[in-house]
1. What residue, among those in segment 237-252 that are out of contact with any helix residue (DSSP H, G or I) (no Cβ under 7 Å at 6 or more places or on another chain) and assigned to a strand (DSSP E or B), is farthest from residue 220 (Cα to Cα)?
2. Pick out the one residue from 121, 152, 141 that is under 22 Å from residue 193 (Cβ atoms), of a type in the set (Lys, Arg), touching a strand residue (DSSP E or B) at 6+ places or on another chain (Cβ under 7 Å) and touching a residue at least 40 places away in the same chain (Cβ under 8 Å).
3. Can you confirm whether residue 148 is modelled with pLDDT of 95 or more, among the polar types (S, T, N, Q), in a strand (DSSP E or B) and farther than 27 Å from residue 273 by Cβ?
4. Within segment 199-216, identify whether any single residue is of a type in the set (Lys, Arg), more than 15 Å from residue 123 (Cα to Cα) and modelled with pLDDT of 95 or more, and answer yes or no.
5. If you check 248, 236, 226, which single one turns out to be surrounded by fewer than 16 Cβ atoms within 10 Å (Cβ to Cβ), closer than 26 Å to residue 67 by Cβ and touching a residue at least 12 places away in the same chain (Cβ under 8 Å)?
6. Can you name the residue in segment 193-204 that is in contact (Cβ under 8 Å) with a residue 40 or more places away in the chain and either surrounded by fewer than 21 Cβ atoms within 10 Å (Cβ to Cβ) or in contact with a Ser or Thr (Cβ under 7 Å, 6 or more places away or on another chain) (or both) and is also farthest from residue 140 (Cα to Cα) among such residues?
7. Take segment 162-190 and flag every residue that is of a type in the set (Asp, Glu) and surrounded by 16 or more Cβ atoms within 10 Å (Cβ to Cβ).
8. Tally the residues that are over 15 Å from residue 122 (Cβ atoms) and either in contact with a His (Cβ under 8 Å, 6 or more places away or on another chain) or of a type outside the set (D, E, K, R) (or both), restricting the search to segment 171-184.
Amino acid sequence: MADQFDVIEAGERGRRRWTGLVVVLALLLIPVVGLLVSRDPEPGSEAAPASRTPGPISSLTTLDNAPNVLSVPARKKGDDEVIQVVFPHGARAEVRYPAELRLAELGSRPYRAGWIDGVFREFVAPYGGEIEVTRGGRALRNYAANVTLWPRQAGSGQYGQVLLFAFGPWRLAMYDRGQGLTFEQRTAVAEGLKGRVTKDGYLVLTARSGVRLAEPGEHLQGESVGPQLWFGGGAGEMVALVPTPDCGKQARMPGAIDRPGRRGEMVCRGDVLVAVTGPPSFRTKAISGIRVTMK
């Protein structure tokens with residue numbers, strides 16, 4: 001660094017000094033211009049149609065930027081609303097709740113977890129979509145036409161690199177841990193995790209080739225890891241519906257609800273666990289008012 005400044009300051013203090021300053025300014029502007037050029041197209045741009053299913057993921061310019069949240073029409077029933085849902089293992093249910101909870105408006109996201117050659121990993125739908133993973137950058141590697149590897153995120157603690165899956169409009173992230181999966185294990189999960197989108201927009205996941213997904217009622221280290229639907233999220237109100245056979249005995253708080261600094265409550269409604277977090281009034285109405293009827 002000292003040599004660079006010595007060059008700028010050496011010789012005449014006229015034209016040569018200004019030349020050095022221009023060179024420095026140009027070097028500083030190059031990254032800024034690069035960022036501007038690589039920005040995602042404005043909404044409505046014809047460069048990346050929002051409805052198409054992308055091919056190999058490489059940057060934000062090839063991805064649908066819609067958040068990972070599904071909102072379905074609700075039917076009014078007195079002071080309640082009723083919505084039809086599909087859990088990520090394919091089971092259907094009817095959810096009735098006090099209209100003031102706004103579950104349809106909050107929207108839902110799927111959650112599944114499982115084991116790759118015996119190694120436990122979770123598959124979550126980032127609340128804000130793929131930008132939470134990509135940060136406007138480029139993928140490190142493509143493992144399949146719909147699966148890419150992204151760098152470790154700053155401030156992610158014990159988590160390492162991220163596998164990002166694209167299933168139609170949905171984006172699922174598998175945040176690796178510690179040393180991470182091997183290349184062969186990542187290839188196995190990229191090829192073995194399959195997703196289909198129902199006609200009403202829900203994502204259903206299946207697995208093969210060394211990948212086993214957790215079934216309803218399974219738990220690990222005191223947390224429910226079976227298939228779930230999450231309503232809301234971020235730092236706000238959130239409801240998790242967790243199919244749980246023999247719920248009275250097998251119920252465990254989902255990790256998405258049971259977090260430091262967040263008060264969570266849960267109740268069994270038949271064979272479905274209802275877990276909630278948010279302001280006290282929201283928790284009270286959700287615990288007392290949500291009903292789930294499996295079909």
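1. Start the filter on segment 237-252 by keeping residues that are out of contact with any helix residue (DSSP H, G or I) (no Cβ under 7 Å at 6 or more places or on another chain), which leaves 238, 240-243, 245-252.
From the residues that got through so far, the ones that are assigned to a strand (DSSP E or B) too are 238, 240-243.
On the way: 238: 21, 240: 17, 241: 17, 242: 14, 243: 15 Å.
Ranking the candidates gives 238 first.
2. Matching residue, one of 121, 152, 141: 121.
3. yes
4. Taking every residue of segment 199-216 in turn, at least one turns out to be of a type in the set (Lys, Arg), more than 15 Å from residue 123 (Cα to Cα) and modelled with pLDDT of 95 or more.
5. 236
6. 200
7. Matches in segment 162-190: 176 only.
8. Residues in segment 171-184 being over 15 Å from residue 122 (Cβ atoms) and either in contact with a His (Cβ under 8 Å, 6 or more places away or on another chain) or of a type outside the set (D, E, K, R) (or both): 3 in total.
The values are calculated or read from the model by the stated rules, or taken from the named source; none is laboratory data. Quantities reported herein were computed from a predicted structural model and do not represent experimental measurements. When we count neighbours, we look across all protein chains shown, and the Cβ atoms used for this are built from the backbone with ideal geometry, even at glycine.
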